[in-house]
Amino acid sequence: MDNLGKARALAVLVPAALLGGAYIAQYGFGLAPCEMCWWQRYPHFAALGLGVLAYVAPLPRLWAALAGLAIIASGLIGGFHAGVEYGWWEGITGCSTLPTNIDVMDPAAAPLIRCDVAPWDLFGISLAGFNFLISSIAGAAIVALAAYKK
């Protein structure tokens, strides 16, 4: 398989695997996503579409590289989110503190999923941290493979 073939395959497989893992964590293990978790998913959806375009549209290297950049964008959001979880910097106010307009005594009130609390980690790395690592490396590999003809 040439570099373009590898880039196209990764441009579809990486976001599909990471989105699949996110939905398994959410629905299979009950890990509800916070707002920043959702933000990390959106670039993967875009990357999935761009990866498919790399197979069916003209200029496949461009589409694969754009998919890689979208995956990197998700990784950067994940890096910011992980930093918020580890307390390295402040997160966005909307999902790191309890809103003042929610009646905490009302059982029908929607639960707040905090962005500054990691619901799960492995070896001290949260899901956002893993997304940062995997997406940054995979996205860079896709861009590099798409750029080099061989």
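The values are calculated or read from the model by the stated rules, or taken from the named source; none is laboratory data. Source: prediction; values computed, not measured. No Cβ is skipped: glycine too gets one built from the backbone with ideal geometry, and neighbour counts run over all protein chains shown.
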* Boolean, residue 63 is over 18 Å from residue 14 (Cα atoms), of a type in the set (A, V, I, L, M, F, W, C) and either at pLDDT below 95 or in contact with a helix residue (DSSP H, G or I) (Cβ under 7 Å, 6 or more places away or on another chain) (or both) -> no
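On the given criteria, is residue 21 closer than 30 Å to residue 118 by Cβ, small (Gly, Ala, Ser) and free of Cβ contacts under 8 Å to residues at least 12 places away in the same chain?
Working: closer than 30 Å to residue 118 by Cβ: yes; small (Gly, Ala, Ser): yes; free of Cβ contacts under 8 Å to residues at least 12 places away in the same chain: yes.
Taking the combined requirement at face value, the residue satisfies it.
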* Considering only the stretch 111-150, state which residues are more than 11 Å from the chain's Cα centre (by Cα), at pLDDT 90 or above and surrounded by fewer than 18 Cβ atoms within 10 Å (Cβ to Cβ). => 123, 137, 140, 141, 144, 147, 148
* Take the residues in the stretch 1-54 that are more than 18 Å from the chain's Cα centre (by Cα) and charged (D, E, K, R), then tell me which one is surrounded by the fewest Cβ atoms within 10 Å (Cβ to Cβ). => 2
* So which of 43, 58 is assigned to a loop (DSSP other than H, G, I, E, B), closer than 26 Å to residue 1 by Cβ and modelled with pLDDT of 80 or more? -> 58
* **Test for residue 73: is it small (Gly, Ala, Ser), under 23 Å from residue 144 (Cβ atoms) and modelled with pLDDT under 95** => no
